[in-house]
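Working notes, beginning with the structure itself.
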Amino acid sequence: MAQPHPAAEDLFASAWSACYLGAIARGKAKGADSVILGCTEICLLVGPEHIDLPVFDSTLLHADAAIEFSMTQPAPHPRAA
């Protein structure tokens, strides 16, 4: 499968980053006090370093929860064949 030219990728990502940052700015202007990055791809475009509100990145929250769960659950017992 053909890959997009890196410059086109940068332009695409830049346009979407600006779109998300604009939506976040509009939300803040209307009183939002935090931002939820609720889709796994959003954190590839914008992150806490771009936003002056508390940010909740669902990808990191899910990964942290999965690690916590896996570290606190007993190992399953193997089944007899």
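Any read-out appearing in this document is the output of simple, stated calculations on the displayed coordinates, not a laboratory observation. It should be emphasised that the depicted structure is a prediction, and the values quoted were computed from it without experimental measurement. All Cβ positions, even for glycine, are placed from backbone atoms using ideal geometry, and neighbour counts span all protein chains on display.
Worth pointing out:
- Residues located in the range 44-71, provided they are out of contact with any strand residue (DSSP E or B) (no Cβ under 8 Å at 6 or more places or on another chain) and either in a loop (DSSP other than H, G, I, E, B) or under 12 Å from L21 (Cβ atoms) (or both): L45, E49, H50, D52
- Filter pass, C39 being touching a helix residue (DSSP H, G or I) at 6+ places or on another chain (Cβ under 9 Å), assigned to a loop (DSSP other than H, G, I, E, B) and of a type outside the set (V, I, T): yes
- For the range 20-51, the tally of residues that are farther than 21 Å from D10 by Cα and without any contact (Cβ under 8 Å) to a residue 24 or more places away in the chain stands at 12.
- Looking across the range 72-81, not a single residue is in a helix (DSSP H, G or I) and either surrounded by 10 or more Cβ atoms within 10 Å (Cβ to Cβ) or small (G, A, S) (or both).
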